[in-house]
Structure formats: C-alpha cells, structure tokens
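Have a look at the structure below before the remarks.
Only the coordinates and a few stated rules stand behind these numbers; no lab work does. Computed from a predicted structure; not experimentally measured. When we count neighbours, we look across all protein chains shown, and the Cβ atoms used for this are built from the backbone with ideal geometry, even at glycine.
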Amino acid sequence: MTAARRRELEEIFGADRVEDTPITRRLYSQDLTALSLVDRRHSADEALPDAVVWPETVHEVSRLLRWASEGKVPVVTYGGGTSLRAATMPSTGAIVCDMKRMKRVTRMDENSMIVTAEAGILGEALQHELRLVGLTLGHFPPAFYGSTLGGFLATRSAGSLSTRYGPIEDMVISLQAVLPDGSIVKTRTAPRSATGPDFNHVFLGSQGTLGIITRASLRCRMAPATRTFAAYKFADWNDGVTAMRLMMRKGLLPAAVRYSDPPETARTFARMEDEPDGNVLVLVFEGHDRRALLEASIAAEIALSCHCTQLGEEAARHWFDHRFAEAYRRSPVLAEDGAYMEVIDTAATWSRLPTLIASLRDALAGEGRQVSLYVANASSVGASVCLTVQGHTPAGEEGKTLQAIWTAALSTIRQGGGTVSYRQGIGPWQIDALKEELGVGYDLLRDMKRQIDPNGIMNPGAFGFDRTS
Amino acid sequence: MALSLPAPAAREVVDQLAAIVGPEQVSVAPIDRLTYARDMYTVAIIKHAEGKLEHFPHVIVWPANEDELIRVVKLAPDLGLPVIPFGAGSGVCGGTLPIHGGIMLDVKRLGRIVEINDDDLTVTAQAGINGQVLEMELNRHGYTLGHFPSSIHCSTLGGWVAARSAGQLSSKYGKIEDMLIALRWVCPDGRVYSSPIVPGRSTGPDFDQILTGSEGTLGVCTEATLRICPYPADRRFVAFTFPDVPTATEAMRMMLRNDLRPAAMRLYDALDTMLVGTSGSTEHTQGKSLGDLLQIEQIGNRVRTLAPDLFRKAQRFVAGNAQIANQLELLAKEGCMLILMFEGERELTDYEFEAAVMICERLGGTNKGPKPAIRWFENRHHVSYKMSKVYYNGAFVDTIEVATTWTRLIDLYDAVCAALKPHAFLMAHFSHAYPDGCSIYFTFVTSAADADEAATKHAFIWSLAMKAAGGVGATLSHHHGIGLSKAQYMRDEHGDMMRVYRDIKTVMDDAHRFNPGKMGL
Ligand SMILES: Cc1cc2nc3c(=O)[nH]c(=O)nc-3n(C[C@H](O)[C@H](O)[C@H](O)COP(=O)(O)OP(=O)(O)OC[C@H]3O[C@@H](n4cnc5c(N)ncnc54)[C@H](O)[C@@H]3O)c2cc1C
Ligand SMILES: Cc1cc2nc3c(=O)[nH]c(=O)nc-3n(C[C@H](O)[C@H](O)[C@H](O)COP(=O)(O)OP(=O)(O)OC[C@H]3O[C@@H](n4cnc5c(N)ncnc54)[C@H](O)[C@@H]3O)c2cc1C
C-alpha cells in the first residue's frame, strides 16, 4: 500500500487501527474454505489484502466506504472468517474491514424481547448478554464461538436449534447498514409492516456485496425453563424421514431435530460409552415445562408409529452437549497432506427429500472416501441435509478431488430439486449452479448489485457479479 | 347522469391488445373504465359517488394466462401506456388508481390452483385467485391457509402478496409474507422470475421478499407457493374484560412471550368494546358497531320511516361532533374486551387454552366465557361490509393500522388518540399481536359537506396520525400498504433506504411504466 493511502486510512481510524504488516495481511487472506485450505499446501500463490482496518463506529465505516468508492478500492467485510465458502477471500489490493470491534449491545428491550447489537459481536458474546436477562436468541451455529452477528446476517445462517427458533432471517426485525457510497440506511423496528419491500432482505444473504451491516435488532425468546431429550433408532432410513414430517405436520416445534445416517451416527457418538449405531433421530424439546413434555410425548407416539426403537435419552444429551465440537474436528484432518474434508448442505421439500438423499449418496460414494449425512432441521414444508465427505487422495490431488465432489453434488442437487446452498452461502465454485437455480432471479441480484455498487468495491468476485466476469 | 370520461385508448391499441387476449377480454367501455377508476380508498369512494373522479384507465384487459399476460406487458412500451396490475380492487390506499391512465391489467382470470401438495403442505396457486375460493378449496382437501383478511371474499392472492396483507388469525399463522415459499413473477420487461420451491436457502438476498410489498411497482405476481396447515381439529374460545388498555395489552404480551399462539387475539378499547357490544343481547350485535352509532339500528328503522330528515341530522351530528362522540367512552363501563380463540391439535389447544386463562386471570381479567368470542368468530367477515351505510349521510370512515414494539405500544395508542380525537370519532382495536409487538387498528369517523372538503379533512387527519405514529417510531402501515394515499410518508418511514428502492426500481422498471406515481418512488 502506498504511504499516501495508508495516511488516508489513518486519518479515519488512527494509526493503531490500520495494519499492513505481512503477517496480518496473510492471516486475513485465509478462511476455513476446504478448497483454499488444501490449495495452500501446494501453492504459494495467494491474493493478499493491502491492509486491515478495525472500525469502531458506523461513521468510520461510512467514511471508509466513501473513501473506497472514490478511489475504487475493493473492500472485504470480515466478521469471524468462519465462512466455508471463501466469502472473505480478498482480491489483491483490497482493504479488509474487520467488524469485531463493533461489538456492543446497544439496547436491550426486555419487554419486547428485542436485542439491538453491533454487527461485530460474536454469537457467544451476544447469547451471554441475553442469558443475563433471561432471554435467548436461539441461534447456535457450530461456529458460534468464532462467528459474528454480521456474518450470520450476511450469509443467512441457521443454527442447530433452528427448527424451533428459525434461521437468522426470521429473527431480524431491523438493521442498519452503510451503502457503498457511505450513506447510512436503516429499517424500522416494528413487528411487521406493509410499507413496501422488506429492505432487510436486501442485505440478508448479501455476503458483503451490497454494503456493510453495522447493527441489527433481533427477536429473542424466553430462555427455556426446561429441556427434554429423546432418541430413536430406525431400521429403515425413510421411516425416520416420515416421522419427522409427521411431527412437523402436527405442529410440534422441537428445538432440535437431528437425524443421522449410520456413518454420521458413528462420528457423532464416537466418544460415548455404549454408543448407538444405525439411523438415529435425536429430538430436543425446550421451553415451558408442560408444553415441552406434552410435545415430547406426542413426538414419541409418532416416532413409534413409524417403526423405530426408543433409545435412552443419553444419546440425545451427548449430541447436545458436544454440538460445538464439530468446528474443531476438522483441523486434524486438514493438517495432513492428501487428506480432505468438505461439508455440503442443501434442503428440499419432503416429497423430494428421500430421493435427493439417496441420489446424493450414490453420486458422492467413491474409493477411500466416507460420506455421512444428517438432517439438520425441519419444517412443515421440508428439511435440510448436511453431508460430510472425507477421505484421502495422493498429495496434490486434493483440490481436484474436491472439485469433482462438488461437481457431482451440485448436479445431483439441481436434478433432485434441492437448493444449491441451505445455510453456508455461495462460493465461487457454486456460481453456475446458483445461476441455474435462480434463473432471472440471478440477473436481478446482479443488476441490483451493479446499481447499488456502481464502482464494484464491495467484495468483488462474490456471486460472480463482476462486470468483467 | 351521462358520463363524460377522457378519451380511451385508441382503436389500434385496442386491436393490438385484442390480438393477444381476444376481443372479449379488452374493454374501453365507460362502465368498465369507471369501475376500474377506483379501489376502496375512502377519498376515491367519495369522489366516485359525487362523480368527481379525475383519472380513468385507457383500457382494461383480462389475460387468460401467464403467456398472454407477458405479451401484454411486452406490448405496453410500444403503446406508450402505463401498466397497473389489478387484483380485486379491495385495496384501501388508492394503490390501483390510474393517476396517469394506462392499461388496467386485471389478473383475475389467472385463477387456478396449480397444486396442493399433501406431503409438503404447500399450495401453489395463480395470483388472480379469489381469497375465499382458495380457502374453500383448501378446506375441501382438509387444509387451511390460515389467511383471513376481512376482505377475503373480495381480494386476490396476488393482491395479498403485493400489499403484504394480514389476516385475522395472523398471531398464529403469520402474515402472507410469512407463509410464502416461492413466487412466479412477470418483470416489467416481460421476463419471468421464478424462485425455487425449497424450505429455505442461502443463495444471496431473497428477492421474493423484495417483490412482496411492491404494490404493482416492480411487475406482476402470477403465481405463489404458500405453506398450508391441516384444517384445525379443534377450536377453543374465551373472552376476558380488563379495566383498561394497558392491563389488557400486558396480558396479550405475556401470553405471546410464553409461547402461546392464539389464532385470534383481539382487544377492543373501551369505545370499541361498547360499540361492538360484545356483551349485547342480540346475536348480530358484532359488526354493527358503527351502525349502532350512526344508524341507531334498533330504533333507527322506525325513526327513519317516521322522520327521515331528523334521522339524517342526528347521524350527521354524531359524526360531525367528534368530541361529543368520543365522550361516549365515559359510558363504557365494561372496560376493554379481549377475545381469544385457539385452534389446532386437541392436546395442544387444551394446553394453550388453560395457560392463557391462567395468565389473563392473574393479570386482572374477568372471564366472560366463550360466547363473545364465538359471536366474533361467526360474524368476523361482516363488519367491513356494513361500513358503506356510513357514507350515505355525508359521514365517512377510514382505518389506520400502525404497529410497534410492546414497549412503545401504549405511547403509540396515546399519541394517535391525542392527535385525532379532537377531529374525529375514534376507536381502536389491537388485532395482530406478536411476541415482539403489536399493531393498532384505529377506525375514525367524521363528516364533510362534499368530496373536496372530505379530501382535505381526510388528508389532514391522516397527516396528524402519521406524525403521531412516526413520532414514537411506529411503522406507518401494518397490512394495508402504501399505494397513493400514503406515498408522501414513504420518506418518513424509510429515510435514505428509499434510494435502495429507487435503485431496484431503476433496475427493473427504469421507465416507471408499472403503477407510476405510487409508493413515493
Ligand atoms: C465447522 C463449521 C460449521 C459451520 N456450520 C454452519 C451452520 O450449521 N450453519 C451456518 O449458518 N453456518 C455454518 N458455518 C459457516 C459460518 O460459520 C457462517 O457462515 C457464519 O455466519 C459466518 O460468520 P462470520 O462472522 O465468521 O462471517 P465471515 O466468514 O467473516 O463472513 C461471511 C460473509 O459475510 C460477510 N460479512 C461479514 N460481516 C458482515 C457485515 N457486518 N456486513 C456485511 N457483510 C458481512 C463477509 O464479507 C462474507 O462474505 C460453519 C462454519 C464452520 C467453520
Ligand atoms: C372491507 C375490506 C376489508 C379489508 N380487510 C383487510 C384485512 O383484514 N387485512 C388486509 O391485509 N387487508 C384488508 N383490506 C385491504 C385489501 O383487501 C388488501 O390490501 C388486499 O391485499 C388487496 O387485494 P386485491 O386483490 O384487492 O388488490 P388490489 O386492490 O387490486 O391491488 C392492491 C395493490 O396490489 C397491486 N396488485 C394487485 N394484484 C397484483 C399482482 N398480481 N401482482 C402485482 N401487483 C398486484 C395493485 O397494483 C395495487 O397496488 C380490506 C379491504 C376492504 C375493502
């Protein structure tokens, strides 16, 4: 970065909140995307950002973007960097805007159960503040300890209890954002409204392409008074799918629905004594004592009518207590040459789900590779599935293997009526499939991006929206 | 009275449209142009009655299917005419008023149910389907949409989506945007947007939620997929009275906070309670609220025949003397009535019912048993249709539906009451409640000598209401939309976010061909 540029940034942030040391630039050039992690093993090529800045106020964000728009400098907004879809990978010359110093809870409206917080707050920190006043957001994605509110919003994240609490977009009431030209915009904090399009949805899922989200107000719920656990084992995979569907149809709202196939069951319960095997459905109900018990007993009746055996609640508790360990299980696999691991998620309506899952299993099966999957959340309309593909190839082949896995997965998903991404967002290798899924909707998103960000500074390359591509 | 309307669309225009939809399905007949010149916007109704409407569509077309509709949309630029999507014209904000003339694009012939999916609990239907027809067809298959706007008999699915409609059971089932799974939509340039039918996705911003609420400014909805629910196996009713509004709203808040989801949850303020006569002796009292005041129904029929002049004068006096009418509140000894209905699976409604009764009783409610609630349920669609009588005698009525968080709710109620009571007879109910907040539905009645005075007075009262509501941070509409009548307040509501709306408009309809002059664009 030129000295002049650095000075301009220092004018906005002060010297200590602008960094361009090689180590910092390197740190921020990397997220948890499998493809880029394995690439790094064998190639020194990397796009480094010019600098990292840490805003503390919305006005600083505004000044940054105005400056960037004028100079046509790319800006990559960075939350926790836990994206698995290369969503924060900078292009050369970019400024990374790390939001984590904007982390205050600015308002706690206990009466209306609405919390307002800055976008850089970590999921866990936010939940902690809520717990102090007897509330919960109910948003518990696996990377909860290291991901931020802004990241949740920008990727339409969903947590492990989203069957009851909904994905993040259902929790958002209003937000504040800075447009690429520096103007500060916000939406109204009202339970619902009919005053035109819902502008929250311009920013939700935008993966940093339309501006920077600086603050949001979210619906919370009462912290649960009780929690009940149950687990069931199904001989036939599809019977378990039917059981979940019937529970949703009955109007039950378990906090968690998690249904694992045998390899996934083996992974999930590996460290448990007397670990279960087979197709295991874990249910967690929480909320008011009587309600939770009532729903659990209705659910049990439904499950048992679908040919299963009841397991002890220990298995369900084990999953619940260890659900954040997922994020940490990845690292050993990824450290080793030749090893790879990828997580693919999709969702489909109930009528399509069994076939989609079966064809994904077929399409992804291969030598020296394990495919495991679980249903991660359910609604009356359908469910989401998370697949983990893990294996070994000769060193140097990992990238190619991963590409092949993605190609097979995406075409199977497209054919089976699933979505290209349920919760992780869109990486560069998913863009063609995204175009197919959205059709004209893709063109509208692209045109909207170009209109709102005519200089193309916000996360260039994301979604394939660039003029050049 | 002979109609003298501005010139209709030229012969060649009609011919070109007829070539697409057939000659029967295009009209420039004065009666059609007059009919399509207004929706249910109060001022337009009054102007219509006095023959003072200024704007008329050039032509009305009724395409039979999406293909014809697309061809009409693509032809419009050549004809140089605006396009106004039209559902059933039940909108109350002037959303379909052809203020620049143009092609009225009536979607009603796209009225088919495409699929009811038993496994997925979804219905896909064309946008022009009438609300009641859709619900009845679902009932026949054992389902409900759970969407019951008072206008269900006279509004369309597309209109609901376009204006973010709310039904009476929104506390349980949500508003239309909460039910939406996917859309088909013809863009202003004729391209077809179609979103995937999946239970959720992270594939960039959800454009469905940008098109929803666009009220004809971003193109035409042709099809929607919505989630449905099994028809409720059980219903439980109960009503409570509370000494005042704050006590009663506190009970509502506590129920929702504790995860209860009554299908219906309606609180009437003291005046509304007295007038809806929920404790009244006749079966049909509910729905005659304004009737009771302005028609003086019980004795009115006799008075009307004996002394029609006197009757009219009495009515106008009440409507014209807001302060006096508002004093009726002092007579409202009942306090406020809260009506609750639970529906769904038997075991769950039993639980919810008992939990709700406990909360209401603990918070000072008096249990009035199921009757008032049952009476509301049975008459729930009648009220709106009785409004028209009010107009006969120079009075007029309108409704203002604003919403805010629980914390600001009473401030909102007080602010609007204080602003409006000097100028109009005003009552309110709270009929759409959520864990985080609630909407307030104000009904005001006042009178004017003629359409011009009515328009001025109407605008004045609305400006006071919008200022009061905006002042406490409330949203300016919960479910009626913006249209023409509230367009001037869009800037107050959205601030600089209007730029984003304009950007989207530029991308989709740079020429402002679709529903020009609306939504403050
Ligand atoms: C092991 C593991 C499991 C995961 N499982 C799940 C899961 O189950 N469900 C789930 O939803 N996600 C999951 N994720 C993905 C990830 O945690 C989410 O996408 C999360 O929301 C990203 O948050 P972040 O703060 O880390 O964002 P980042 O990774 O820093 O950024 C993600 C995207 O959001 C943009 N962004 C960040 N902050 C802002 C802002 N303030 N304004 C505008 N744009 C912004 C970035 O530019 C980028 O495009 C998982 C990740 C890991 C490592
Ligand atoms: C007696 C009465 C009671 C009412 N009660 C309620 C209530 O309880 N809840 C409630 O929400 N509303 C209520 N309303 C208001 C009204 O019914 C709603 O706004 C309804 O959604 C309008 O539907 P419509 O089909 O009549 O639309 P229209 O009035 O024809 O159009 C409304 C707007 O949507 C646009 N539009 C219509 N169809 C389409 C389409 N297919 N694609 C794109 N744009 C389109 C129009 O251009 C216009 O801007 C009531 C109205 C009346 C008269």
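Counting other beta carbons within 10 Å of each Cβ, put A:Asp261, A:Asp20 in order, fewest first.
On the way: A:Asp261 21, A:Asp20 17.
In order of increasing Cβ crowding within 10 Å: A:Asp20, A:Asp261.
Measure of size requested: the Rg and Dmax of chain A, with Cα atoms as the atom set and Å as the unit; please supply both.
22.4, 72
What's the ranking of A:425-434, A:297-306 by average number of surrounding C-beta atoms within 10 Å, highest first?
The packing order, highest mean first, is A:425-434, A:297-306.
Which of the trypsin sites (Lys or Arg not before Pro) found in the range A:28-113 are loop residues per DSSP with 16 or fewer other Cβ atoms within 10 Å of their Cβ? Spell out each step's value before the answer.
Working: sites: A:Arg40, A:Arg41, A:Arg63, A:Arg66, A:Lys72, A:Arg85, A:Lys100, A:Arg101, A:Lys103, A:Arg104, A:Arg107; in loops: A:Lys72, A:Arg85, A:Lys103, A:Arg104.
Answer in residue order: A:Lys72, A:Arg104.
Over the Cα atoms of the range B:11-106, what is the Rg over Rh ratio if Rh follows Kirkwood?
So for the range B:11-106, dividing Rg by the Kirkwood Rh gives 0.97.
Angle, helix B:131-140 long axis vs. longest principal axis of chain B, Cα atoms, 0 to 90°, nearest 10?
So the helix axis and the longest Cα principal axis differ by about 70 degrees.
Could you run the Debye sum over the Cα atoms of the protein assembly as shown, one equal point scatterer each and no solvent, and tell me log10 of I(q)/I(0) at q = 0.06, 0.07, 0.09 Å⁻¹, two decimals?
-0.45, -0.62, -1.02
Which values of log₁₀ I(q)/I(0), to two decimal places, follow from the Debye formula for the range A:398-439 at q = 0.24 Å⁻¹ with a uniform point scatterer at every Cα?
-0.82
Greater than 19 Å separation of Cα atoms is the criterion. Which listed pairs, B:Lys175/B:Lys505; A:Lys186/A:Lys435; A:Lys250/B:Lys371; B:Lys108/B:Lys172; B:Lys421/B:Lys467; B:Lys421/B:Lys457, meet it? Intermediate values should be presented prior to the final figure.
Working: B:Lys175/B:Lys505 24 Å; A:Lys186/A:Lys435 29 Å; A:Lys250/B:Lys371 28 Å; B:Lys108/B:Lys172 28 Å; B:Lys421/B:Lys467 14 Å; B:Lys421/B:Lys457 14 Å.
Pairs exceeding 19 Å: B:Lys175/B:Lys505; A:Lys186/A:Lys435; A:Lys250/B:Lys371; B:Lys108/B:Lys172.
Once the Cα atoms of helix A:289-304 and of chain A are each reduced to a long axis, what angle between those two axes, in degrees from 0 to 90 to the nearest 10, is obtained?
60 degrees
With N set to the number of residues, divide the alpha-carbon radius of gyration of the range A:340-469 by 2.2 N^0.38 Å and report two decimals.
On the way: Rg = 16.3 Å, N = 130, 2.2 N^0.38 = 14.0 Å.
Taking the Cα Rg and dividing by 2.2 N^0.38 Å, one obtains 1.16.
What are the radius of gyration and Dmax of the range B:69-109, computed over its Cα atoms and given in Å?
Using the Cα atoms of the range B:69-109, the pair Rg, Dmax is 10.7, 31 Å.
Place a +1 charge on the Cβ of each Lys and Arg in the range B:436-521 and a -1 charge on the Cβ of each Asp and Glu, then give the dipole magnitude about the Cα centre in debye, rounded to the nearest 20.
100 debye
Work out the length of the dipole vector of chain B about its Cα centre, built from +1 on the beta-carbon of each Lys and Arg and -1 on the beta-carbon of each Asp and Glu, and round it to the nearest 20 debye.
Taking the Cα centre of chain B as origin, the dipole is about 1140 debye.
Stokes-Einstein diffusion coefficient for the range B:113-230 at 4 °C in a medium of 1.567 mPa s, Rh from the Kirkwood formula over Cα pairs: what value in µm²/s?
On the way: Rh = 14.2 Å.
For these conditions, the coefficient is 91 µm²/s.
Across chain B, what fraction of all alpha-carbon pairs, as a whole percent, falls in each successive 10 Å bin from zero upward?
4, 18, 28, 27, 17, 6, 1, 0
Sticking to Cα atoms, compute the Rg of the range A:203-331 to one decimal and its Dmax as the biggest Cα-Cα distance, whole number, in Å.
Calculated on Cα positions, Rg and Dmax stand at 17.2, 51 Å.
Classify the range A:304-399: rounded, prolate or oblate, from the alpha-carbon gyration tensor (a ≥ b ≥ c, eigenvalue square roots; a/c under 1.5 rounded; otherwise prolate if a/b is larger than b/c)?
Oblate is the answer for the range A:304-399, as a/c is 1.5 or above yet b/c matches or exceeds a/b.
So what are the range A:78-157's ellipsoid semi-axes, whole angstrom, largest first, if each one is the square root of 5 times an eigenvalue of the alpha-carbon gyration tensor?
Ellipsoid half-lengths, sorted descending, are 26, 13, 9 Å.
For the Cα atoms of chain A, what angle does the longest principal axis make with the long axis of helix A:326-335, in degrees from 0 to 90, nearest 10?
Approximately 70 degrees, to the nearest 10.
After finding the eigenvalues of the alpha carbon gyration tensor for the range A:13-124, what semi-axes result from the square roots of 5 times each, listed largest first in whole Å?
They are 28, 19, 11 Å, listed largest first.
Dipole magnitude of the range B:113-230 about its Cα centre, charges +1 at Lys/Arg Cβ and -1 at Asp/Glu Cβ only, in debye to the nearest 20?
On the way: 8 positive and 13 negative charges, 40 e Å.
In debye, rounded to 20, the range B:113-230 gives about 200.
Which of the trypsin sites (Lys or Arg not before Pro) across the range B:159-242 are loop residues per DSSP, with 13 or fewer other Cβ within 10 Å?
none
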